[in-house]
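Structure record follows, encoded as structure tokens.
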Amino acid sequence: MAYNSILVETRGKVGLVTLNRPKAMNALNAELLHELVQAVLSFDAEAGIGAILITGNERAFAAGADIKAMSDATVTEMLTGSFVELFDGLRKVKKPVIAAVAGYALGGGCELAMSCDMIVAAENARFGQPEVTIGVIPGAGGTQRLTRAVGKAIAMEMVLNNRTLSAGEALLYGLINRVVSNERYLDEALALASELAERAPLAVRLGKEAVNKAYELSLSEGLEAERRLFYMLFASQDQKEGMQAFVDKRKAEWQGK
Ligand code: DAK
């Protein structure tokens, strides 16, 4: 499959998608988003792939939706456009998705990173929701995912007053998983993704589903959902293999069944 605005490759069991509009700071236009979602979903369907990594370049993960493409849009065009549906496409992904962020992750770029399951950031990463500076608010999950991640106080400052977070602040406030040097962030994210790709696939998949339930459900509903997913794993060969391997003091061999 040929793409214009992204680069796609596999590294072992990791599917790597690189946003590739460097001259526009990887601004998310319809083509890029469409290609991104298509590539991620096809990695999700590929048997040999266990985890997916999304990255940008050293200057920008993504500086948001493409303002130039959006500036003259009417409300009807925004309402009927595919931006949010494409974004929502990422929610269908069953395998773990990691964002490796260097430079700017602003607006839709920050929302894209937050749509991933984990974020590895370079020291130079900057996270922000600057929409207020162009007369709008976040529209792809920024006010919701950010508030759940960093809490109301910091989210209010970011959304209402364009406060940006350094990588260190983002780590402190719980937005990201780790901060790595600018030279090593991609390698580190790849190592994390490779580690995930070697784990029991069904347990990883249901673990992701269970954690995501915590966003949607009350505590008792979430606990109920978790329990059902937990029981379900006892129907898998991997549960038998994992526990037997522990008893035998050997490394488990996962089948994903
Ligand atoms: N869109 C289009 N082009 C962009 C861009 C963007 N978001 N960000 C940067 N660029 C372009 C610049 O225009 C410039 O292009 P040329 O002038 O060279 O042609 C090139 O990238 C380099 O940028 P700068 O010259 O500005 O570089 P600097 O290092 O000086 O500054 C910067 C980098 C990232 C701080 C700055 O470019 C900047 O502030 N960019 C805009 C950041 C921003 O405001 N982001 C939020 C966008 S709004 C929706 C839901 C959600 C959304 C949309 C729809 N629906 C529900 C339908 C999301 C909205 C957003 O994300």
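No value in this document is a laboratory result; all are computed from the given coordinates. Just so we're clear, the structure is a prediction, and the values are computed from it rather than from any experiment. Because the Cβ atoms are built from the backbone with ideal geometry, glycine has one as well, and the counts that use them run over all protein chains shown.
Below are the figures for this structure:
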quantity: Charge dipole (the range 121-186, unit charges on Cβ, about Cα centre) - positive-most of Leu186, Leu175, Ile134; calculated: Leu175
quantity: Translational D in µm²/s for the range 131-184 (Stokes-Einstein at 25 °C, 0.890 mPa s, Kirkwood Rh from C-alpha pairs); calculated: 206
quantity: When the convex hull of its Cα atoms is projected in every direction, mean area for the chain (nm²); calculated: 15.0
quantity: Along each principal axis, Cα extent of the range 104-257, largest first, Å; calculated: 58, 41, 21
quantity: Relative contact order (%) - the range 198-257, alpha-carbon pairs under 8 angstrom, separation at least six; calculated: 41
quantity: Cα-based equivalent ellipsoid of the range 84-175: semi-axis lengths in Å, sorted from largest, via gyration tensor; calculated: 19, 16, 12
quantity: For the chain, size of Cβ-based charge dipole, Lys and Arg +1, Asp and Glu -1, in debye; calculated: 540
quantity: Cα-projected label distance for Arg250 with Gln144, points at 7 Å along beta-carbon direction, nm; calculated: 4.7
quantity: With Cα atoms, 0 to 90° folded angle of helix 201-216 axis to the chain main axis; calculated: 50
quantity: HN-Hα J in Hz across the range 10-18 - Karplus 6.51, -1.76, 1.60, θ = phi - 60°, x for Gly and Pro; calculated: 10, 10, x, 9, 10, x, 10, 10, 10
quantity: Contact order relative to length of the range 58-179, as percent, for alpha carbon pairs under 8 angstrom and 6 or more apart; calculated: 26
quantity: Filtered GluC sites (Glu not before Pro), the range 197-246: DSSP coil and at most 16 other beta carbons within 10 Å; calculated: Glu198
quantity: Distant-in-sequence amide H partners of Asn29 (H built 1.01 Å from N, under 5 Å); calculated: Asp66
quantity: Residues Asn161 and Glu123, FRET efficiency given R0 of 22 Å [Cβ-Cβ distance, rounded to 0.05]; calculated: 0.35
quantity: Sequence-separation-based contact order of the range 50-108, relative, with Cα cut under 8 Å and 6+ spacing, percent; calculated: 72
quantity: 27 Å tail of the calculated P(r), the range 1-140, as % of Cα pairs; calculated: 15
